[in-house]
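Peer 1: Below is the structure I would like to discuss, written out as structure tokens.
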Amino acid sequence: MNTEKDLSPLTPTIVRSLNDKLYEKRKVAALEIEKLVREFVSQNNAPQVRCLIQVLSQEFALSLQPHSRKGGLIGLAACAIGLGKDYTIFLWDLMDPVLKCFNDPDPRLRYYACEALYNIVKVARGAVLPYFNQVFHGLSKLAADPDPNVKSGSELLDRLLKDIVTESDHFDLIAFIPLVRDRIYTHNQHARQFIISWISALEAVPNIELVVYLPEILDGLFTILGDLSRDIRRMCETVLGEFLKEIKAETKGVKFSNMINILLLHCQASDEVTQLTAMTWVREFVELAGRCLLPFAAGILAAALPCLGCDDTKRKNIRDTASACNQNLMKLILPEDDTDGSLKLLPDPASVTETTEKANDNAIAGIDETPGESTMELDLFGIVEVLAQHLGHSSIDTRIAVLRWIYNLYLKTPRKMLQQTEKLFPVLLEVLSDESDEVILNDLEVLAEIASSPASQSDEVQSHVTAGNDCSELNSSTRNGEPSPFVPATNSYFQRFLVRLLQRFGSEPQLLQHRGAFIIRRLCLLLSAEGIFRTFSTILQSESDPRFACSMVLSLNAILLTASELFELRSQLNRLHTPESRALFLCLYGSWCHSPVAALSLCLLARQYRLACRLVHSFGDLEVTLEFLTEVDKLVQLLESPIFTYLRLQLLQSKRQTDLLQTLYGLLMLLPQSAAFHLLQQRLRCVPDPQLLSPWNDESSSPSSTTDDTEGLLLRFHEVQSQHRQARRQQNAIRKSPGPERICLPPAVHN
């Protein structure tokens, strides 16, 4: 610097001292400047004060010489001290050159700039708030300064500024939010700590409603929550906890809808703390905002359902929180949601604010809110999409939760869910192959609800088969205009479900073998057992694959004879006293003919001993295979069970029950001398001599007049067995034919 240049009102001595490399000499010059300024103030000589500030700024603080810049900074701080209360009109002139020195490449100069601004702000106090943005911008840079002295100086200035802001009633929060929003995504840990400290300080001030602007900074806060530094994470966790506490205490002004998607995004974070915190917020939002969040239900489900599968101990809290959130959300669905048109929601808590305040808030937050925002429609399509995607989730708990959701939706909104059934129906059928019994049980509940839902009932049953014989009773569930107590109300999905289920059994023999009885027995509890067996029987009568039809009939027969769920149906068949029961027997018999032993056991169950006797005599014309003998063996074992107690007692009427005796002796002749042979032989030895018994008048033992068409029923049996023989011949021909090996798949069940 040219020391000969006129730098008045500074004296040459002051100028030389300001330019000196020693701090002590610059400090002496600063004291002289302070005295000089006080004199100008006492003389009310504002032009001289302005001139002095300008010289210190241009010739010193912004000089190219490092020592001159240091002198200029300490001189500007001395001016502020000398001005005292009369500083307002000169405040920016003092601050501007100091703030520019924040960017100086010399760390010592940046430190002196912090020191100078600290002294200026300490004098100015609240008057510095109009320039808060500029100061905050400079501080945010120094917070990440690599020099520890500079960082220490900036922290001292930062604490002073926080004290001023928290004491003031005129802090411009609207202008502050963009500053935070622009800096909150920094990756520098010191800068993050700086931002968090300011948010924490302002959130603690009672008269500053920072929660209103929370949507602007919430995403950044959750981003910082995943920081590697434990201290920063703890600070951020504390701030988020305070915000949530404030929201729970007072929902006024809280924009739930503007924050929920941010939270859902962070629910998918890999960091456990971030994921748990976000899910906790979502759970609280669902409780606090209630049905206002129904339009976001699909997103909430997409975030919560995968968390239900957190099996490890570390993520137990996440799983429990997600489970509570899921349950609370499910409770928000009401039967009123099944109506057409828009869903009228309760007003968002944010709408209670004054119109002008809301307009200002939305302008800052960048929200273009339409007047009809409070009228929303339940996004059932989106919910179903999410549920369908998660039905294949690896977690059993997640799959169960999905099925409970679908079941609940069919209960609460059956008409709307009917439109989604075509999408869900194939997926639900796939779930029947699930490895978990509990998943299958829940899946069956859903399918049963679909099959029995009043929303899908129609006046005309959509029959998938042609009933050309006595099974035509399936097409009518009434008698004399009265509904049958055994057949459910007409539902188009009832038959479709059972047809598709048979198709699955046909294409997946393992499913029928390992889960068939389990599935069918459960369905008999959930739906009408008679309706299920009638429908299965009708479909199987036109089945093109005899082997599958025989296998299916054997499974159904075993369930009919042994399952406790089929007690009422067995009772109905055991005494054919009504037209409905006789029609049921005829319908089942039509398909039971696919298996000779099953047809025989059905006749024994229904006490149709004359037909049973004729069937046994015709067994001699059949191919006696190991499988056939195995089924006879099982039947003999069943004859000793409580189910056939009535049959064993009827042997006391051997004089009248000659058909029954011939049937049992016929079975005895069919069997090789195995354990079953000796068991049946021992039973028949217990039959008393007819001469020793008096007649027993039991009308129930006499054959029913409606099944006297024994020849017709035998003809049906022989026709079916002829189809089986023809199918076996075709299979044998294929095995013996030369050429490449052929893979034969069973034909699908006809719709």
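The values are calculated or read from the model by the stated rules, or taken from the named source; none is laboratory data. What you see is a predicted model; the values in this text were computed from it and never measured. Counting neighbours? That spans all protein chains shown, and the Cβs are built from the backbone with ideal geometry, glycine included. The area values use the complete protein model at the heavy-atom level, side chains included, leaving out ligands, DNA and RNA. Shrake-Rupley method; radii C 1.70, N 1.55, O 1.52, S 1.80 Å.
Peer 1: Translational D (Stokes-Einstein, µm²/s) of segment 513-576 at 4 °C and 1.567 mPa s when Rh comes from the Kirkwood sum over C-alpha pairs?
Peer 2: Details: Rh = 12.2 Å.
Rounded, D is 106 µm²/s.
Peer 1: From a point 7 Å beyond the Cα of residue 42 in the direction of its Cβ, which residues of segment 55-91 have a backbone N at a distance under 16 Å?
Peer 2: Residues passing the 16 Å test: 82-86.
Peer 1: On a straight-distance basis, which lysines could pair with residue 252 in a cross-link, Cα separation under 17 angstrom, same-chain partners fewer than 8 positions away excluded?
Peer 2: List returned: 358.
Peer 1: Ok, one more. Given that compact globular proteins tend to follow 2.2 N^0.38 Å, what is the ratio of the alpha-carbon Rg of segment 258-323 to that value? Provide the component values of the computation, followed by the final result.
Peer 2: Values: Rg = 11.0 Å, N = 66, 2.2 N^0.38 = 10.8 Å.
Dividing the Cα Rg of segment 258-323 by 2.2 N^0.38 Å gives 1.02.
Peer 1: Among 304-311, 590-597, 171-178, 32-39, how do they line up from the highest to the lowest mean number of other beta-carbon atoms within 10 Å?
Peer 2: Highest to lowest by the protection proxy: 590-597, 304-311, 32-39, 171-178.
Peer 1: Stretch residue 727-residue 562 to full length: gain in nm at 0.36 nm per residue minus the Cα-Cα span? Present the calculation step by step, with values, prior to reporting the outcome.
Peer 2: Numbers: separation 165, 0.36 × 165 = 59.40 nm, distance 3.02 nm.
Full extension of this stretch gives 56.4 nm more.
Peer 1: So, by mean Cβ neighbours within 10 angstrom, what's the order for 95-107, 209-221 with the highest one leading?
Peer 2: Values: 95-107: 17.6, 209-221: 21.6.
Final packing ranking: 209-221, 95-107.
Peer 1: Still on this structure, please answer the following. First compute the accessible area of segment 489-568 with a 1.4 Å probe, then give the percent of it belonging to carbon and sulfur atoms. Can you show the working numbers first?
Peer 2: On the way: 1340 of 2630 Å².
In segment 489-568, the share of accessible area belonging to carbon and sulfur is 51 percent.
Peer 1: Pull out the extension gain between residue 246 and residue 542, defined as 0.36 nm times the separation in residues minus the alpha carbon to alpha carbon distance; nm, one decimal. The partial results should precede the final answer.
Peer 2: Working: separation 296, 0.36 × 296 = 106.56 nm, distance 6.85 nm.
Using 0.36 nm per residue and subtracting the Cα-Cα distance, I get 99.7 nm.
Peer 1: Here is a follow-up. State the three equivalent ellipsoid semi-axes of segment 22-136, derived from the C-alpha gyration tensor as the square roots of 5 times its eigenvalues, in descending order and whole Å. Before the final figure, lay out the partial values.
Peer 2: Details: eigenvalues 82, 60, 27 Å².
Rounded to whole Å, the semi-axes are 20, 17, 12.
Peer 1: As an exercise, use a Förster radius of 60 Å and the Cβ-Cβ distance of residue 327 and residue 710 to find the FRET efficiency, rounded to the nearest 0.05. Working shown, then result.
Peer 2: On the way: r = 60 Å, r/R0 = 1.00.
About 0.50, to the nearest 0.05.
Peer 1: Hey, rough spin-label estimate for residue 415 and residue 640, points 7 angstrom out along Cα→Cβ, what's it come to in nanometres?
Peer 2: Spacing of the two 7 Å Cα→Cβ label points: 6.0 nm.
Peer 1: My understanding is that a pair violates if its Cα-Cα distance is over 23 Å; which of 35/70; 255/423; 248/331 do that in this structure?
Peer 2: Working: 35/70 19 Å; 255/423 35 Å; 248/331 20 Å.
From 35/70; 255/423; 248/331, over 23 Å: 255/423.
Peer 1: Normalized C-alpha radius of gyration of segment 140-223, against 2.2 N^0.38 Å? It would help to have the intermediate numbers written out before the result.
Peer 2: Working: Rg = 12.9 Å, N = 84, 2.2 N^0.38 = 11.8 Å.
In units of the globular-protein estimate, segment 140-223 measures up at 1.09.
Peer 1: Same structure, new question: Quick one: Karplus J couplings for segment 191-205, per residue in order, coefficients 6.51, -1.76, 1.60, θ = phi - 60°, nearest Hz, x for Gly and Pro?
Peer 2: Once rounded to whole Hz, the list reads 5, 4, 4, 4, 5, 4, 5, 5, 4, 4, 5, 6, 5, 7, 7.
Peer 1: Rank-order 51-58, 504-511 by packing density, defined as the average count of other C-beta atoms within 10 Å over each peptide's residues, highest first. Provide the component values of the computation, followed by the final result.
Peer 2: Working: 51-58: 19.4, 504-511: 16.8.
Descending mean neighbour count gives 51-58, 504-511.
Peer 1: Take the Cβ-Cβ distance between residue 682 and residue 425 as r, set R0 to 51 Å, and report the resulting FRET efficiency rounded to the nearest 0.05.
Peer 2: Numbers: r = 52 Å, r/R0 = 1.02.
That gives a FRET efficiency of 0.45.
Peer 1: Work out how much length residue 436 to residue 385 would gain on full extension: take 0.36 nm times their residue separation and subtract the Cα-Cα distance, in nm to one decimal. Provide the component values of the computation, followed by the final result.
Peer 2: Working: separation 51, 0.36 × 51 = 18.36 nm, distance 2.28 nm.
Result for the pair: 16.1 nm of gain on full extension.
Peer 1: Based on the alpha-carbon gyration tensor of segment 212-336 and its eigenvalue square roots a ≥ b ≥ c, which shape applies: rounded if a/c is under 1.5, prolate if not and a/b is larger than b/c, or oblate?
Peer 2: On the way: a/c = 1.98, a/b = 1.18, b/c = 1.68.
Oblate, since a/c reaches 1.5 and b/c is not below a/b.
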